[in-house]
Amino acid sequence: MKKYEIHLPLSYEDGKPIEQAKINRACDELATAFGSFVVPRRRAWKYDGVEYVEIMRIEILIAEDKIPKKLLRDFKERLKHSFRQTDILVTTHDVQVI
């Protein structure tokens with residue numbers, strides 16, 4: 001089983017908030033591609049010791065590792081462009097069911 005995490009920023013790099021419609025479109029695309037996802041919490045931290053950056057962490061849990069990496073890379077690139085970010089953190093984790 002695999003878990004994918006997308007750390008979605010909630011503001012542009014200039015500090016202005018990202019429009020809710022853009023966030024909703026990204027979530028709709030995830031729901032279409034994967035069937036479901038979870039948004040367990042929002043987080044904030046200081047970046048470069050200056051300001052707080054708030055993100056929404058999206059988790060996708062898949063029973064098999066059948067997601068083409070190209071699909072995730074393409075999604076990440078669309079997010080970077082739409083959300084005007086230098087980068088967006090996307091991680092993958094192995095999950096063992098007990």
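Only residues in the range 9-21 that are in a strand (DSSP E or B) count as the first member; pair them with residues that are among the acidic types (Asp, Glu), Cβ under 6 angstrom, at least 6 apart or cross-chain, and list the lot.
That search, which allows pairs on different chains as well, returns nothing.
Quick one: in the range 58-67, which of the residues that are surrounded by 10 or more Cβ atoms within 10 Å (Cβ to Cβ) and among the hydrophobic types (A, V, I, L, M, F, W, C) is modelled with the lowest pLDDT?
Residue satisfying both the conditions and the ranking: Ile67.
Which one of Lys46, Lys76, Lys2, Lys70 is surrounded by 15 or more Cβ atoms within 10 Å (Cβ to Cβ) and at pLDDT below 90?
Among Lys46, Lys76, Lys2, Lys70, only Lys2 is surrounded by 15 or more Cβ atoms within 10 Å (Cβ to Cβ) and at pLDDT below 90.
The values are calculated or read from the model by the stated rules, or taken from the named source; none is laboratory data. All figures in this text were calculated on a predicted structure; none of them were measured in a lab. Because the Cβ atoms are built from the backbone with ideal geometry, glycine has one as well, and the counts that use them run over all protein chains shown.
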